[in-house]
Amino acid sequence: MTKAKKKFFSLKKTTRIDLATYLGVIIAFVVMTVLKDGGALNRKTLGLLVPICCYMSMAVSLNLTVGILGELSLGHAGFMSVGAFSGVIVSQSLLTAVPSAPVRLAIAMIVGASFAALVGLLVGTPVLRLQGDYLAIVTLAFGEIIADLVNCLIVGYDASGLHILFNLSGKKTIDDLGLDAAGYAIIKGAQGATGTKTIASFTAGFVLVMLTLVIVLNLTRSRAGRAIMAIRDNHIAAQSIGLNLTKYKLMAFVTSAALAGAAGALYGLNYSSLQSVKFNFNTSILVLVFVVLGGLGNIWGSLLSAAALTILPEALRQFADYRMLVYAVVLILVMLATNDPQFKTFFAKLLPHRHSAEEKEG
Amino acid sequence: MTQKTKLVPVSREPALLPERDADKSPVLECIDLGITFGGLKAVDSFNITIGRTEIAGLIGPNGAGKTTIFNLLTKVYQPTHGTILLNGKDIHGLSTAQINRAGIARTFQNIRLFQNLTVEENITTAMDTQMHYNMVDGILHLPRYWREEKVVHERALELLSIFHMEKFADAKAGSLPYGAQRRLEILRALATNPCLLLLDEPAAGMNPSETAELMENIRSIRDTFKIAVLLIEHDMNLVMNICEGIAVLNFGRIIAKGSPDDIQNNPEVIEAYLGRKKEA
C-alpha cells in the first residue's frame with residue numbers, strides 16, 4: 001500500500017466518499033471532453049451534456065431539502081424556472097455590455113441563483129415555521145403559480161433599458177412594450193423566451209456540478225449540516241439542545257433553491273427558445289425521482305441516477321410514452337428494495353461481498 | 001392566561017436545599033406552578049427550590065405529573081399559572097430552544113437521539129449554540145471552521161470519556177445498545193453547558209450494576225461540572241442513594257418534600273405508593 005493510499009484510508013468514511021465523488025465527476029468530465037473533442041459523440045449525446053449537468057445539480061440540491069433536511073419539496077422545477085428566465089433576461093440585456101460569453105454566463109447564473117434564493121426565502125419563511133407536510137403542499141402550488149406567472153411575462157430590451165409587462169389580461173403583445181427601433185424582445189408571454197443567444201457550455205456545466213457538490217457536501221459536514229440533520233432526525237430533541245429550527249431549515253431550503261436557480265440559468269441559456277411549461281410539475285417529480293432512486297441523503301447516488309435517467313429516455317425514445325409509467329414502477333421497486341426486509345436479504349445473498357465493494361468505492 | 005409576574009408574595013413551603021447551597025442563590029425556583037388541560041389540573045401549586053449543586057429527585061406513581069413538570073420547565077407546555085425563576089430570572093416567554101440556552105438541559109423518557117448521526121456528532125451538534133463560525137466559513141472550510149471543529153471534537157471525546165464511550169465515537173447513535181443510548185443522551189444534554197440538568201428516568205431499562213455505575217456517574221458529573229441535577233426515577237434505590245432532596249408528586253400535587261429519610265417514613269408517601277392499611 002502506498003503512502004497516499006494509506007492516508008486515504010485513514011480518513012473518515014464520509015470524507016472518503018466525498019473525495020471519491022469529486023474524483024468521479026472530474027474523471028467523467030475529462031472522459032466526456034476527450035470523446036467530444038475526438039468527435040466520438042453523436043449530435044444527440046452532445047446535446048444532452050449540458051442538460052445532464054443541470055439535472056445533476058438539480059438532483060443534488062433537491063437532495064439537500066429532501067434527503068438531508070427531510071422536508072418534501074414538490075416545486076423544485078419552480079426555482080429552476082425562476083433561475084432560467086431571470087438568467088435569460090440578464091444575459092440578453094448584457095449582450096453588448098458584456099461581450100465575453102463565459103463572463104455573461106457566470107453573471108446570469110449568479111443572478112438566477114440570487115432570484116431563486118429570494119423566492120425560496122419568501123416561500124420558506126412562513127412555511128418552515130410549521131411542523132408537518134406543509135412544505136410539500138406549498139411548493140406544489142408554488143411550481144404551478146410560477147409557470148403561470150412566466151406565461152404572462154413580456155420582456156424586451158432597448159437603448160433605454162429593460163421593459164417588463166405583465167400580460168394579465170391576455171390581450172397585450174410585444175408591441176405594447178414600446179421598444180425603439182433597435183430594441184428586441186426577450187420573453188414573449190406564452191411563447192416564452194425566444195431568440196436567446198445560447199452560451200451554455202459543457203465546461204460551465206461541469207463547474208456548476210462541482211460548485212453544487214462543494215456547497216452541499218461542505219455544508220453537510222459543517223455545524224449547520226449537523227444541525228439540519230439533527231432536526232430531520234428528531235426536532236423535539238433538536239429544540240431541547242437550543243437549536244433554532246426555522247433558521248437551519250431556511251438555510252437548507254434557500255441554499256437548495258439558489259442552486260436550482262443557477263442550474264436553471266444554465267439550462268435556459270442552452271436553448272434558443274424556452275417555454276415555462278418545461279418547468280412544470282412533471283419536471284419537479286422527475287428530479288424527485290432522481291433523488292429517491294439515488295438514495296435520500298446520498299449525494300453520489302443523486303448524480304448517477306440523474307445522469308442515467310436523463311440518458312435512458314433519450315436512448316429509448318420510441319418508448320417515451322411509457323416514461324412516466326416506468327418511473328412509477330421504478331420508484332415502487334426502489335421503495336420495496338430499501339424498506340422490505342425480504343427484498344434486502346435477497347439482494348444481500350446476491351452480493352455476498354457487498355461490504356468490501358463499498359470500501360473500494362469509498 | 002394568568003401568568004403572575006415576578007415576586008408576588010407567595011407563601012413558600014420549606015425549601016429543599018442541601019446545607020452547602022443554603023448561602024448561595026438557588027438555581028431554580030418554581031412558585032405556584034400549574035397547568036390545566038381542559039378541566040384537568042395536571043400540575044397544581046408546584047413549589048420547589050433547587051440548590052446550585054443539588055441532586056434533587058422527583059418521584060411519584062405513574063401519571064402523577066412528573067414528566068409534565070419537565071415539559072413545563074422546558075416550555076414544551078406553557079404553564080397556566082405560576083412563575084419559574086432560573087438563576088433568579090423569570091423565564092416567562094422564552095421558547096424551548098431559548099430555555100436551553102438559558103441553562104436548562106434535559107433528557108427524555110423515551111430516548112430521542114439523532115439516530116442517523118454518529119455518537120460524536122450527537123454531542124457536537126449540542127455544542128452548536130457555543131460555536132461561532134458562519135455558513136460561509138463552513139462551506140469554504142476556512143481556518144475558523146477547522147479551529148472550532150477541533151475544539152468541539154476534543155470536547156466531545158472528553159465528554160465521552162465520562163462514560164468510557166470514546167470507542168463508539170464514530171458509530172451511528174441508533175446502533176448503540178439501549179443503555180449506551182441513555183448515557184449518550186445525558187452527555188448530549190451536558191454538552192450544552194447547562195446549570196440545571198433534567199434527567200427523565202435515566203436508569204430505565206438498566207440492570208442493577210449499570211444503575212450503580214450510573215449513580216456514581218451522576219454524582220461525579222455534579223462534582224466536575226458544579227451543576228444541579230433534577231431527576232425523575234422509579235428506581236428507589238437510586239433515588240434514595242444519590243438525591244439530597246426529594247419531592248413526591250401525586251395527582252399533580254406535591255404531597256411530601258424532604259431528605260430521603262423523611263420521605264421513606266412519611267405516611268402519606270407510603271399511602272400514595274402502597275395504599276391505605278385496612279382498619280382491622
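Structure above, values below:
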{"quantity": "Unmet criterion (only one of (1) at pLDDT 90 or above; (2) in a loop (DSSP other than H, G, I, E, B)) for residue A:168", "calculated": "(1)"}
{"quantity": "Scan of region B:67-84 for residues that are touching a residue at least 24 places away in the same chain (Cβ under 8 Å) and not aliphatic (A, V, I, L, M), ordered by number", "calculated": "B:67, B:68, B:70, B:74, B:75, B:77, B:78, B:79, B:80, B:81, B:82, B:83"}
{"quantity": "Leading residue by the ranking (nearest to residue A:277 (Cα to Cα)) among those in region A:149-176 that are in contact with a Leu (Cβ under 8 Å, 6 or more places away or on another chain) and among the β-branched types (Val, Ile, Thr)", "calculated": "A:154"}
{"quantity": "Residue ID - modelled with the lowest pLDDT, chosen from residues in region A:302-326 that are hydroxyl-bearing (Ser, Thr, Tyr) and within 25 Å of residue A:25 (Cα to Cα)", "calculated": "A:310"}
{"quantity": "Residue identified as farther than 30 Å from residue A:144 by Cα and at pLDDT 95 or above among A:17, A:26", "calculated": "A:26"}
{"quantity": "Some residue of region B:180-191 being assigned to a loop (DSSP other than H, G, I, E, B), in contact with a Phe, Trp or Tyr (Cβ under 8 Å, 6 or more places away or on another chain) and either over 20 Å from residue B:206 (Cα atoms) or in contact (Cβ under 8 Å) with a residue 60 or more places away in the chain (or both)", "calculated": "no"}
{"quantity": "Verdict on residue A:146 being at pLDDT 90 or above and touching a Leu at 6+ places or on another chain (Cβ under 8 Å)", "calculated": "no"}
{"quantity": "Identity of the residue in region A:273-315, of a type in the set (Gly, Ala, Ser) and part of a loop (DSSP other than H, G, I, E, B), that ends up farthest from residue A:67 (Cα to Cα)", "calculated": "A:273"}
{"quantity": "Selection from region A:220-250 of residues that are more than 8 Å from every other protein chain (Cβ to nearest Cβ), β-branched (Val, Ile, Thr) and surrounded by 24 or more Cβ atoms within 10 Å (Cβ to Cβ)", "calculated": "A:228, A:231"}
{"quantity": "Test: residue in region B:176-188 that is among the aliphatic types (A, V, I, L, M), farther than 26 Å from residue B:227 by Cα and at the interface with another protein chain (Cβ under 10 Å from one of its Cβ atoms)", "calculated": "no"}
{"quantity": "In region B:1-44, the residues that are part of a loop (DSSP other than H, G, I, E, B), under 14 Å from residue B:245 (Cβ atoms) and either in contact with a helix residue (DSSP H, G or I) (Cβ under 7 Å, 6 or more places away or on another chain) or modelled with pLDDT of 85 or more (or both)", "calculated": "B:26, B:27"}
{"quantity": "Unmet criterion (only one of (1) within 27 Å of residue B:127 (Cα to Cα); (2) crowded, with 19+ Cβ neighbours inside 10 Å; (3) of a type outside the set (Val, Ile, Thr)) for residue B:223", "calculated": "(2)"}
{"quantity": "Candidates A:119, A:127, filtered to the one that is of a type outside the set (Lys, Arg) and over 17 Å from residue A:81 (Cα atoms)", "calculated": "A:127"}
{"quantity": "Any helices (runs of 4 or more DSSP H) falling wholly within region B:45-130 and containing at least 3 residues that are more than 14 Å from chain A (Cβ to nearest Cβ) and among the polar types (S, T, N, Q)", "calculated": "none"}
{"quantity": "Count of residues meeting criterion [part of a helix (DSSP H, G or I), surrounded by fewer than 17 Cβ atoms within 10 Å (Cβ to Cβ) and not aliphatic (A, V, I, L, M)] in region B:147-179", "calculated": "12"}
{"quantity": "Strands (runs of 3 or more DSSP E) contained entirely in region B:217-280, each with at least 1 residues that are free of Cβ contacts under 8 Å to residues at least 40 places away in the same chain", "calculated": "B:253-258"}
{"quantity": "From A:253, A:206, residue being away from chain B (no Cβ under 11 Å), over 24 Å from residue B:146 (Cα atoms), crowded, with 24+ Cβ neighbours inside 10 Å and of a type outside the set (Ser, Thr, Tyr)", "calculated": "A:253"}
{"quantity": "Residue A:322 being over 30 Å from residue B:187 (Cα atoms), more than 14 Å from chain B (Cβ to nearest Cβ), of a type in the set (Ser, Thr, Tyr) and assigned to a helix (DSSP H, G or I)", "calculated": "yes"}
{"quantity": "Leading residue by the ranking (farthest from the other protein chains (Cβ to nearest Cβ)) among those in region A:256-272 that are touching a Cys at 6+ places or on another chain (Cβ under 8 Å) and in a helix (DSSP H, G or I)", "calculated": "A:267"}
{"quantity": "Among the candidates A:139, A:125, residue that is more than 30 Å from residue A:176 (Cα to Cα) and surrounded by 23 or more Cβ atoms within 10 Å (Cβ to Cβ)", "calculated": "A:139"}
{"quantity": "Region B:122-141, subset more than 18 Å from residue B:98 (Cβ to Cβ) and hydroxyl-bearing (Ser, Thr, Tyr), residue modelled with the highest pLDDT", "calculated": "B:124"}
{"quantity": "Given (1) of a type in the set (A, V, I, L, M, F, W, C); (2) more than 10 Å from chain B (Cβ to nearest Cβ); (3) assigned to a helix (DSSP H, G or I), number of the condition residue A:199 does not satisfy", "calculated": "(3)"}
{"quantity": "Test: residue A:207 is closer than 29 Å to residue B:127 by Cβ and either in a helix (DSSP H, G or I) or not hydrophobic (A, V, I, L, M, F, W, C) (or both)", "calculated": "no"}
{"quantity": "Residue list for region B:137-168, restricted to those being of a type in the set (A, V, I, L, M) and either at the interface with another protein chain (Cβ under 10 Å from one of its Cβ atoms) or under 18 Å from residue A:244 (Cα atoms) (or both)", "calculated": "B:139, B:140, B:152"}
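To keep it simple, each residue is scored yes or no on (1) assigned to a loop (DSSP other than H, G, I, E, B); (2) without any contact (Cβ under 8 Å) to a residue 40 or more places away in the chain.
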position	(1), (2)
A:163	no, yes
A:181	yes, yes
A:186	no, no
A:190	no, no
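The values are calculated or read from the model by the stated rules, or taken from the named source; none is laboratory data. From a predicted model like this one, the values you see are computed outputs, not experimental measurements. Note that each Cβ is placed from the backbone with ideal geometry, even for glycine, and that neighbours are counted across all protein chains shown.
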